[in-house]
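Q: Attaching a single structure in structure tokens format; questions to follow.
The values are calculated or read from the model by the stated rules, or taken from the named source; none is laboratory data. Here the structure is a predicted model, which means the values were calculated and not measured. In case anyone asks, the SASA skips ligands and DNA or RNA and just uses the protein heavy atoms, side chains included. Shrake-Rupley method; radii C 1.70, N 1.55, O 1.52, S 1.80 Å.
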Amino acid sequence: MLPSRELAEIAVKALDSKKGKEIRLIRIDKITTLAEYFVICTGTSNTQISALSDVVEEYLKREGEMALRREGYR
């Protein structure tokens with residue numbers, strides 16, 4: 001299992017590869033026990049948002065990791 005910072009950076013790299021907009025990696029471990037990092041990204045269309053979600057999962061699978069939660073399909 002990779003450290004949480006590495007996982008978050010993989011997600012950021014994946015989002016950037018599909019031209020995600022306003023990508024933010026926010027450290028939240030001081031304000032919640034839910035997670036250490038939160039990655040936020042916007043897209044320009046529903047199609048792009050779906051592609052962004054897919055590419056993050058793809059990049060994580062390459063590293064042997066599975067996403068526990070995801071947004072972008074609704």
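Q: What is the number of the single condition among (1) modelled with pLDDT under 90; (2) assigned to a helix (DSSP H, G or I); (3) within 10 Å of the chain's Cα centre (by Cα) that GLU57 does not meet?
A: In the conditions (1) modelled with pLDDT under 90; (2) assigned to a helix (DSSP H, G or I); (3) within 10 Å of the chain's Cα centre (by Cα), GLU57 misses (1) alone.
Q: Then there's this: Which of the residues belonging to the stretch 8-36 are open to solvent by 40 Å² or more (accessible area, probe 1.4 Å) and within 15 Å of ARG69 (Cα to Cα)?
A: LEU34, GLU36 - these are the residues of the stretch 8-36 that are open to solvent by 40 Å² or more (accessible area, probe 1.4 Å) and within 15 Å of ARG69 (Cα to Cα).
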